[in-house]
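Have a look at the structure below, then the notes.
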């Protein structure tokens, strides 16, 4: 089977430093893969390369066998790759509903419509409201996004991502900075998406228990390199990975 | 939703419109009529600037170029061809074509740049137009400018007053429809968070160019109307001052609210007229720029959302209370 997402010796260098160094990976359709690694391993940078926020120094990114290395983030989204951000990244002075509605509008392909009245696109609002209910934000539609609590912003972020209905979801630490009480509801949302079985999900996460219960595959990133890729059970048993996490592993190249 | 007549902005707007329509029949002050006409025209210019600044978050220092293109085109048509309505309407069409082309080209060339580089470049391009107007003497008569006749229909100040008033109202509703459209919503998203808008699948540059063209077209038309009210045009219409006036009007009135631009235009021009009147009392008032400078600083410090922004905030509080 053809991998839905593939990288080939993907490298980015900032001067002499290589946050992502010759990473080659293959993601199969409808799988749930988690990327783990210590802080500074290059996880978010790898996501930025996949989604197009950064351009690689060398190497290639392929989606469904088609090269997308030089496409803009917008074009990649239209091809079916959506991502969430580790740092909360919403439209602060717009209402919560408007935030999601913009994503729904993008998904519907209404890009350039200069003179339609809001009424014509009322169904966008309805869909936005449904999505807000999915992420348990149904009551918050009229609040400004900047007035949401941190955890709520994360949920909003996920609602926007879901609205895009992309085949590939890149989730960058969806529970980062959330209070413990809020985490289960986000996990529930992710579990629901996973159970639908029609999405390919790539997750960066620090919470190990969460990663282990969800993931079909685990990838370990260390100093910009792909250290290991295997099932969660095998990764946990791997001596190399334990060293990377507990210290004692030094990369001679850096 | 609870509606309260005190805070119903629509009611206030309607009343203001009725007052303005009735004004020429009540007052016989020629200068007041001319002042209001100017307010309407500047309001359109300020609204066009608000599309850039308030809705898309683009700062342009060269918006005067579209105003100037409009003013000169109409002036040249009326002067060279004929001072008839036909010439005026054709000149408006030409203004739309010219400003459309210029704003599109400038957008394509410069909107890829980050904000301050874009601001600098627009300043430079507007400067080029100023030089062009000064040096192309055959057509523009240099920096002295020239007077011209306007169509007979518009000669009556009251007619011109109504023409400008309805021009403003029509532009307000057109631009309002634009900002409420799906595209307009994306512009606001770009203002809020460019990177996020792009990752939703919107191609930022296209939207910025659309904003630039819409703003350019509206500004060009306001320039045409401005030339008609003055019956005179000179290179001042390309001056940076003109852009700064629009900037001041949108900020004082409230960025991101088209209506704020109308309020801002009224406030600035009324204050300007008031201060000029006071010059009889003390010479300092002749230097009204000093007061505008102070007003600018105070507005940015204490009313960053402008008059309309403040009112909206109060309205929200009122509703919640």
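Taken together, the values in this text are just the output of simple stated rules run on the coordinates, not laboratory data. The shown structure was predicted, so the numbers you read here are calculated from the model rather than taken from an experiment. Cβ atoms come from the backbone with ideal geometry, glycine included; neighbour counts cover every protein chain shown.
Some notes on this structure:
- Debye intensity ratio in log₁₀ form over the Cα atoms of chain B, taken at each q of 0.07 Å⁻¹: -0.28
- Counting Cβ atoms of other protein chains within 10 Å of each residue's Cβ and taking the mean over peptide A:91-98 gives 3.
- Over region A:86-165, relative contact order from alpha-carbon pairs under 8 Å, at least 6 apart, %: 50 percent
- Packing-based order for A:48-60, B:48-60, A:205-217, B:193-205, using average beta carbon neighbours within 10 Å, highest first: B:48-60, B:193-205, A:48-60, A:205-217
- Scattering curve values for region A:62-110, log₁₀ I(q)/I(0), Debye with Cα scatterers, q = 0.21, 0.31, 0.32 Å⁻¹: -0.88, -1.19, -1.21
- Calculated translational diffusion coefficient of region A:171-211 (20 °C, 1.002 mPa s; Stokes-Einstein with Kirkwood radius over alpha-carbon pairs) equals 199 µm²/s.
- Once the C-beta distance of residue B:124 and residue A:122 is scaled by a Förster radius of 25 Å, the resulting FRET efficiency is 0.05 to the nearest 0.05.
- Note on A:25-32: average number of Cβ atoms from other chains within 10 Å of each residue's Cβ is 0.
- The ranking of B:122, A:166, B:158 from fewest to most other beta carbons within 10 Å of each one's beta carbon is B:158, A:166, B:122.
- Angle in degrees between helix A:150-163 and the longest Cα principal axis of chain A, rounded to the nearest 10: 80 degrees
- Ranking of B:23, B:178, A:47 by count of other Cβ atoms within 10 Å, fewest first: B:23, B:178, A:47
- Dimensions of the protein assembly as shown based on its C-alpha atoms, expressed as ranges along the principal axes with the largest first, amount to 92, 57, 45 Å.
- Stokes-Einstein D for region B:27-181, Kirkwood Rh over Cα pairs, 25 °C, 0.890 mPa s (µm²/s): 143 µm²/s
- Most mobile of A:183, A:110, A:135 in a GNM of chain A (Cα contacts under 10 Å): A:110
- For chain A, the relative contact order works out to 26 percent when only alpha carbon pairs closer than 8 Å and six or more residues apart are counted.
- Rg then Dmax, both in Å and based on the Cα atoms of region B:107-264: 18.0, 55.
- Compared with the rule-of-thumb size 2.2 N^0.38 Å for a compact globular protein, region A:107-252 has a Cα radius of gyration ratio of 1.31.
- Between residue B:13 and residue A:240, the FRET efficiency estimated from the beta carbon spacing at R0 = 56 angstrom works out to 0.20.
- The mean number of Cβ atoms from other chains found within 10 Å of a Cβ in peptide B:206-217 is 1, as a whole number.
- Calculated P(r) tail over 23 Å for chain A, as whole % of Cα pairs: 52 percent
- Reciprocal of mean inverse Cα separation for region B:60-122 (Kirkwood radius, Å): 12.7 Å
- Sites residue A:139 and residue B:240 - FRET efficiency at Förster radius 41 Å, r taken between beta-carbons, to 0.05: 0.25
- Antiparallel bridge percentage (DSSP; both residues within the protein assembly as shown; nearest 5): 55 percent
- What the Kirkwood sum gives for region A:86-165 is a hydrodynamic radius of 12.5 Å, with every pair of different alpha carbons counted.
- Here the gap between residue B:137 and residue B:158, fully extended at 0.36 nm per residue and compared with their Cα-Cα distance, gives a gain of 4.2 nm.
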